[in-house]
Structures are given as structure tokens and as C-alpha cells.
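What follows is calculated from the coordinates using simple rules that are stated; it is not laboratory data. Computed from a predicted structure; not experimentally measured. No Cβ is skipped: glycine too gets one built from the backbone with ideal geometry, and neighbour counts run over all protein chains shown.
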Amino acid sequence: MRLFSLFFLFTFSTIAWSQETVFQGRIELGRDLSSFAKHPPEKGTLYLLTGAAASIRLISEKPFAAEVEFVEGEWLGESELVSYKTILRFEGNPWADVVVDKKPRQGSETLIYPYRKFQVAALASGDGFRVIAVTSLF
């Protein structure tokens, strides 16, 4: 089942975003941002993460680079909400047509903008994650 999920993830993301990516290394599909509070992500491991863009900072246009403050929330009981944050880095010109710093009035179905919930396959790096593919937009 895990192999099928992995195959589907990479096939879908490659077709959906027309971006060729080859990854050889460790893949962890069962972790989320809250789990990193106890056990930090392993550098060089690919994770499947779901959350929302709290803010987006465009770093450069050519080559394109953007940092997204990525947030996931968790309810503790009925009255306490805890949030977990990390930085996602989108690097490379193909992301220029996907990541924007504010929601456009029209045509936002395929874009990542502040407060948008989405899922990514991202590679753990020093102080955040480098995005390899966007697998779902909610």
C-alpha cells in the first residue's frame, strides 16, 4: 500500500505541475508538523505535509524563490488550539506561476497564496523544507 501511495504521489505531482523531479532517498509519509516538536525532521528525508500558508515572502523573481510560513493547527481538548510552524522554500522558475504573495480576484484555483490550505512533498533541510511537488490544493 505504501509503495502504491508513493507511486501515485509522484505520478500525480509530475503530471499536475509538469515539473520533472527525481528523488532518491528516505521518504516518510506518516509524519506531520506536530510530530516534529518531539522528533525533528531528518535532513534529506522527503515528507508529505498538509497545512496552510500563513504568509508568503517573495525573495527573488529570477531565479524564482519564495518562502512560505506553513502552519498546521491541532485542538487539545475543546478549548485549546496549538499551532505548529515551519518554512517551506519554493525554488525554481516553474514555481513563479504557482506561488503568489496575495490572492488574485480571479483564477486562484491553481495558485498558492496566503491562508490557502495545501499539501506538499518537501525535502527536509537545515531550518525548514524545500518543496519538491504540490500534491493537493484545498
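Annotations
- Spin-label model distance (nm) - ARG26 vs LYS117, 7 Å beyond Cα toward Cβ: 3.0 nm
- For the stretch 32-138, the set of trypsin sites (Lys or Arg not before Pro) satisfying both a DSSP loop assignment and a count of at most 14 other C-beta atoms within 10 Å is given as LYS38, LYS43, LYS102, ARG105.
- Distance violations [Cα-Cα > 26 Å] among LYS38/LYS62; LYS43/LYS85; LYS62/LYS102; LYS38/LYS102; LYS38/LYS103: LYS38/LYS62; LYS38/LYS102; LYS38/LYS103
- Restricting attention to the stretch 58-138, close to 90% of DSSP beta bridges with both partner residues there are antiparallel.
- Shape call, the stretch 68-132: gyration tensor on alpha carbons, a/c limit 1.5: oblate
- Environment charge at ALA122 (Cβ cut-off 9 Å; Lys +1, Arg +1, Asp -1, Glu -1): +2
- Between SER35 and GLU74, the contour length at 0.36 nm per residue exceeds the alpha carbon distance by 12.9 nm.
- In loop segments of the stretch 24-132 as defined by DSSP, the GluC sites (Glu not before Pro) with at most 10 further C-beta atoms inside 10 Å of their C-beta are GLU61, GLU78, GLU109.
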